[in-house]
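**Q** Before anything else, here's the structure in question.
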Amino acid sequence: MKSQYSEMFEFRAVDHTAIDALMNVELACHSFPWSRKTMTSCIGGRYFNLAAFEQDKLVGFYIGEQAGSDYTLMDICVHPNWQRRGLAKALLSRFIEHCQQHQAENIFLEVRESNLSAIRLYENAGFVEMGVRKNYYPTADGHEHAILMGLTFFNFE
C-alpha cells in the first residue's frame, strides 16, 4: 500500500514540542477539531505518532493508541495544501506497518459517514465496516454517524 509520493516527505515521531504544528494541521482540516488539551494528552504513554514533513514543515500526522494487542487509529490528518499527493495513504501504510511490527491482532478506527474519501482509503487498506455510532460527530446542522471500521490480523502460532 505504499504511496508513490511518500518519498517526497520525511517521516518521524514527534513530542510535545510539536503541539503547535500538530494543531495547525488539525485546525486546518476539521470543522470540529481536537482541542489542544486533547492533542497534548495523546502524545506519549500508550499513544504513538508519526508526522510527515516537507522541508521541515509538518504537513500531516497520525496518532495511534495501543491497548494490549489492539490498536486504534485515533487521528490521521493531512493539511489541505498537501492533500491529494498520497500522503494519507503513506501515513496509513506506516501506521499499519507499526501495528504489525508490534504483533497487533486488531486495528480499529472510526470515521465520519460523510468522509467518503477516507472510507475508500480505509477499505483499500483492508478495513471493513464493523458498526455505526449514531449521531456521534457534531456538524453545523446537528450530528452525523461514525462508521466503525476494523482490520484483523490472524497470528497463528
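The values are calculated or read from the model by the stated rules, or taken from the named source; none is laboratory data. None of these values were measured; they are calculated from a predicted model. Using ideal geometry, Cβ is built from the backbone for each residue, glycine included, and neighbour counts are taken over all protein chains shown.
**Q** Examine the stretch 53-73 for a residue that is in a helix (DSSP H, G or I), surrounded by fewer than 20 Cβ atoms within 10 Å (Cβ to Cβ) and either in contact with a Pro (Cβ under 8 Å, 6 or more places away or on another chain) or at pLDDT below 95 (or both), and state whether such a residue exists.
**A** No, the stretch 53-73 contains no residue that is in a helix (DSSP H, G or I), surrounded by fewer than 20 Cβ atoms within 10 Å (Cβ to Cβ) and either in contact with a Pro (Cβ under 8 Å, 6 or more places away or on another chain) or at pLDDT below 95 (or both).
**Q** Of all residues in the stretch 100-109 being surrounded by 20 or more Cβ atoms within 10 Å (Cβ to Cβ) and farther than 22 Å from T40 by Cα, which is modelled with the highest pLDDT?
**A** I107
**Q** Given (1) among the hydrophobic types (A, V, I, L, M, F, W, C); (2) under 15 Å from the mean Cα position of the chain (by Cα); (3) surrounded by fewer than 13 Cβ atoms within 10 Å (Cβ to Cβ), identify the lone condition not met by I147.
**A** Just one mismatch for I147, condition (3).
**Q** Name every residue in the stretch 27-52 that is touching a residue at least 40 places away in the same chain (Cβ under 8 Å) and either in a helix (DSSP H, G or I) or farther than 19 Å from I96 by Cα (or both), in order of residue number.
**A** Within the stretch 27-52, A28, C29, H30, S31, F32, W34 qualify.
**Q** Find the residue count for the stretch 74-92, including only residues that are in a strand (DSSP E or B) and either surrounded by 21 or more Cβ atoms within 10 Å (Cβ to Cβ) or touching a residue at least 60 places away in the same chain (Cβ under 8 Å) (or both).
**A** Step one: of the stretch 74-92, the residues in a strand (DSSP E or B) are 74-78.
Then drop every residue that is not either surrounded by 21 or more Cβ atoms within 10 Å (Cβ to Cβ) or touching a residue at least 60 places away in the same chain (Cβ under 8 Å) (or both), which leaves 75-78.
Residues that pass the stated criteria total 4.
**Q** Counting just the residues of the stretch 12-52 that are closer than 19 Å to F95 by Cα and at pLDDT below 95, which one comes out surrounded by the fewest Cβ atoms within 10 Å (Cβ to Cβ)?
**A** If we take residues in the stretch 12-52 being closer than 19 Å to F95 by Cα and at pLDDT below 95, then G45 is surrounded by the fewest Cβ atoms within 10 Å (Cβ to Cβ).
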